[in-house]
There are 2 protein chains.
Amino acid sequence: MDDANRAGAHLTVDLNALAANYAFLKSQLADDTVCAAVVKADAYGLGLEPVALRLAHSGCNSFFVALIDEAISLRSLLTEHNQKADIFLLNGVENGSESEIHQFGITPVLNSLAEIERWSSYAKQNGGCKAVLHLDTGMSRLGLDSRELNIFSDKPELADGIDITYLMSHLACADDRTATKNKKQRDLFNQYRNRLGIKKASLANSAGILLGAKYHYDLVRPGAGIYGIQPIINEINSLSQVVNLKGKILQIRTVDTGETVGYGATYQTPRTSRLATVAVGYGDGYFRTLGNRGFGYIGKTRVPVVGRVSMDLITFDITDIPEHEVTPGTMVELIGPHYSADNLAADAGTIGYEVLTGLGARYSRNYIGSL
Amino acid sequence: MDDANRAGAHLTVDLNALAANYAFLKSQLADDTVCAAVVKADAYGLGLEPVALRLAHSGCNSFFVALIDEAISLRSLLTEHNQKADIFLLNGVENGSESEIHQFGITPVLNSLAEIERWSSYAKQNGGCKAVLHLDTGMSRLGLDSRELNIFSDKPELADGIDITYLMSHLACADDRTATKNKKQRDLFNQYRNRLGIKKASLANSAGILLGAKYHYDLVRPGAGIYGIQPIINEINSLSQVVNLKGKILQIRTVDTGETVGYGATYQTPRTSRLATVAVGYGDGYFRTLGNRGFGYIGKTRVPVVGRVSMDLITFDITDIPEHEVTPGTMVELIGPHYSADNLAADAGTIGYEVLTGLGARYSRNYIGSL
């Protein structure tokens with residue numbers, strides 16, 4: 001058996017769709033706005049190497065990651081493939097990380113006064129230290145708060161030696177076009193920019209791009225949209241689906257009315273039913289909350305998950321599928337054209353992002369399109 | 001920086017606790033009952049190699065996995081370390097997998113008539129083919145249903161050439177000591193055993209072991225209990241905690257009353273608050289459902305998650321922790337002595353098993369105790 005046949009499920013990542021999504025997002029921008037790509041968390045679970053290389057070959061020359069390990073991996077990968085790019089490190093300059101950040105040509109995002117002072121101290125001794133300065137405008141997560149901003153504004157020499165290439169902030173509610181917080185954050189961001197006298201700026205994620213040009217500034221940082229996740233709720237998703245996941249049927253059984261299915265016997269068959277057991281479970285990131293709530297597709301027919309999701313198995317009611325159309329070995333669409341990662345997420349009570357980052361290690365992985 | 005310092009969180013797996021749990025479960029059994037270990041899904045997310053080797057060195061010589069890839073990896077690993085063991089493959093004999101199963105000395109669990117016929121056909125030509133025969137008694141997931149059992153019972157020659165070493169079934173509600181389904185399944189299992197005239201049998205998972213000797217038969221298959229997950233609900237967990245997870249504080253901020261935290265601005269500070277942002281998120285398997293519901297511990301003080309969980313970040317309200325006790329770099333207990341994987345799971349609306357299998361790839365991993 002080859003690797004794909006041995007696996008219980010096949011995950012396909014469409015790099016052409018990914019590149020098309022990047023191109024679509026870039027097409028929303030003015031020509032001189034930089035369209036970076038967020039590739040943290042192993043490129044949202046889809047594989048840092050193929051994703052970053054395809055984006056680099058599509059003209060993307062700026063990437064954001066969360067952890068220094070991710071930044072170093074990305075730098076090594078790009079160098080190996082003769083690609084140059086700016087790599088921005090969202091989690092900032094931790095104590096002891098300065099020389100590695102510098103050595104690998106990483107641009108840290110400075111989130112606090114302590115990080116500014118740390119990086120400045122290193123920069124004054126070593127030179128050539130860029131940074132992005134992060135101001136919090138309403139996430140209360142990372143970035144200088146108003147108290148720290150006051151101090152920095154009075155003592156700009158705290159950043160001596162640092163070439164601050166962008167001011168940045170992050171939108172809390174960009175996925176909701178009606179949220180008044182979007183404009184509030186933008187206004188506060190503009191006020192901070194004027195106060196600090198630093199012009200170049202970055203505010204928008206994927207959703208922020210779609211909120212319009214006033215949110216674009218000089219650099220945007222889409223993640224979700226590149227991976228096909230719907231950026232704004234309650235709107236039509238203009239992005240292409242990147243992920244396809246198919247699970248293999250191991251066994252089909254006919255059970256009488258009134259039989260129970262799975263752990264805790266939470267599902268009872270309301271009729272004589274045909275059930276298909278598929279070799280995917282929460283151990284593969286197929287969320288347990290999908291028990292009695294999720295769906296798969298066989299051809300164009302929707303089949304419901306019945307009973308709880310097990311670690312390695314899920315059971316679908318396939319009574320409505322003609323017997324000759326399905327056998328052990330038939331693949332069930334778990335994420336695909338009929339049921340997107342966003343659809344699966346909605347039924348699981350979460351968001352598409354978590355579906356992607358949860359995609360399991362046991363799937364056989366296949367990439368469509370060149371790197 | 002070393003790997004551990006670069007990571008946003010440290011996962012520690014206590015192999016001594018794991019071995020103690022295995023010994024405890026084994027101590028519940030008669031001397032001649034085999035205590036196998038379930039190590040599917042990368043040993044419940046804790047690492048197949050260290051877990052299987054430590055168990056093998058603790059006297060465990062029977063292992064269960066779900067996928068053929070897992071079985072092959074385990075066989076290679078054990079052989080490399082001069083360990084012999086029976087490896088049981090729960091997902092059975094797929095078409096085309098026969099020779100690999102045989103070559104690697106794997107004992108398949110036969111879940112259907114089709115699998116019996118497939119393995120018999122191979123066995124008659126090649127010899128030396130063992131198997132476990134799986135009868136469904138109430139999971140409706142894998143295993144022969146009553147229709148298939150009738151056919152097999154009338155034509156036992158369907159299994160010609162196969163050495164059936166055990167009959168097995170699986171309990172649906174063993175985690176609930178009061179569930180009447182447990183005895184029903186056991187009675188049905190006994191009836192099937194008598195009918196087929198195959199004596200050696202296996203029914204119990206960890207919870208089944210704790211249901212008492214009538215559920216033990218000749219081989220038990222604990223998983224959860226070995227990893228410290230509470231097997232039976234609403235009882236005291238006599239097992240040792242195996243997993244410890246600590247997340248690093250990146251930044252601490254003071255925010256005024258009425259500020260909002262995180263995506264969607266779902267949390268508003270009811271007082272002037274000190275917030276700590278920790279470098280862990282749902283991209284690490286820290287479930288998004290823990291937003292505004294989960295807890296961490298700093299020392300002995302409980303700190304609540306406030307706002308939504310982001311992909312790479314969570315925010316705790318640390319107002320109750322004295323300022324001098326916490327700085328960026330301080331580690332917050334996310335799973336540990338004050339807050340077990342089961343506690344975290346309950347707050348996330350799931351079970352400890354899913355917490356373990358979801359443990360992320362970005363954590364630095366450290367093992368306590370020898371292999």
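By the rule of a C-alpha distance below 13 Å, with chain neighbours fewer than 8 residues away ignored, the aspartates and glutamates paired with A:Lys26 are A:Asp218.
Basic side chains Lys and Arg get +1 at the Cβ, acidic Asp and Glu get -1 at the Cβ, and with that the dipole of the protein assembly as shown about its Cα centre reaches some 960 debye. The same position A:Gly105 in the other copies lies at 5.2 nm from this copy, comparing label points 7 Å beyond Cα toward the beta-carbon, shortest first. Taking A:His324, B:His57, B:His338, A:His134 and ordering them by how much accessible surface each has at a 1.4 Å probe, largest first, produces A:His324, B:His57, B:His338, A:His134. By the Stokes-Einstein formula, at 1.567 mPa s and 4 °C, segment B:243-368 with its Kirkwood radius over alpha-carbon pairs has D equal to 89 µm²/s. Annotation for the B:A interface, with buried accessible surface near 5900 Å², both sides summed [1.4 Å probe; non-protein components not counted].
For segment A:1-73, build the charge dipole from Cβ charges (+1 Lys, Arg; -1 Asp, Glu) around the Cα centre, then report which of A:Leu67, A:Leu53, A:Leu25 sits farthest towards its positive end. It is A:Leu25. Restricting to chain B, compute how many DSSP beta bridges are antiparallel as a %, nearest 5. Antiparallel bridges: around 50 percent, rounded to the nearest 5. Of the three principal axes defined by the Cα atoms of chain B, the extents in descending order read 77, 45, 38 Å. Looking at the protein assembly as shown, the DSSP beta bridges with both ends there are about 50 percent antiparallel. When its C-alpha radius of gyration is set against 2.2 N^0.38 Å (N residues), the protein assembly as shown gives a value of 1.00. Counting 0.36 nm for each residue step from A:Asp187 to A:Gln125 and taking away their Cα separation leaves a gain of 18.7 nm.
Using r as the Cβ-Cβ distance of B:Glu325 and A:Ser58, and R0 as 45 Å, what FRET efficiency do you calculate, to the nearest 0.05?
0.40
Whole-Hz Karplus values for segment B:157-174 come out as 5, 4, 9, 3, x, 8, 8, 7, 7, 8, 8, 9, 8, 9, 7, 8, 10, 5 Hz, taken residue by residue from phi with 6.51 cos²θ - 1.76 cosθ + 1.60 and θ = phi - 60°; glycine and proline positions read x. Working note: Karplus 6.51/-1.76/1.60 with θ = phi - 60° gives segment A:330-335 the couplings 4, 9, 9, 6, 9, 9 Hz, where Gly and Pro are set to x. For the residue pairs A:Lys184/B:Lys246; A:Lys181/A:Lys214; B:Lys84/B:Lys200; B:Lys184/B:Lys214; B:Lys155/B:Lys184, alpha carbon separations beyond 24 Å are given by A:Lys184/B:Lys246; B:Lys155/B:Lys184. Heavy-atom accessible surface of B:Arg75, to the nearest 10 Å², is about 40 Å², with a 1.4 Å probe and all protein chains retained.
In this simple spin-label model, placing a label point 7 Å from the Cα along the Cα-to-Cβ direction at both A:Arg365 and A:Leu29 gives a separation of 2.5 nm. Rounded to the nearest 500, the helix-only mean residue ellipticity at 222 nm of chain B stands at -8500 deg cm²/dmol, with each DSSP H run of n ≥ 4 adding -39,500 (n - 2.57). Using a probe of 1.4 Å on the protein chains alone, the accessible area found for B:Asp154 is around 120 Å². Close amide H contacts of B:Ile318 (hydrogens built in the peptide plane, cut-off under 5 Å, sequence separation of 5 or more or a different chain): B:Arg274, B:Leu275, B:Ala276.
The values are calculated or read from the model by the stated rules, or taken from the named source; none is laboratory data. Since the model is a prediction, treat every value here as computed from it, not as a measurement. Backbone-built Cβ (ideal geometry, glycine too); neighbour counts: all protein chains shown. All accessible areas refer to the heavy atoms of the entire protein, side chains included, with ligands and DNA or RNA removed. Shrake-Rupley method; radii C 1.70, N 1.55, O 1.52, S 1.80 Å.
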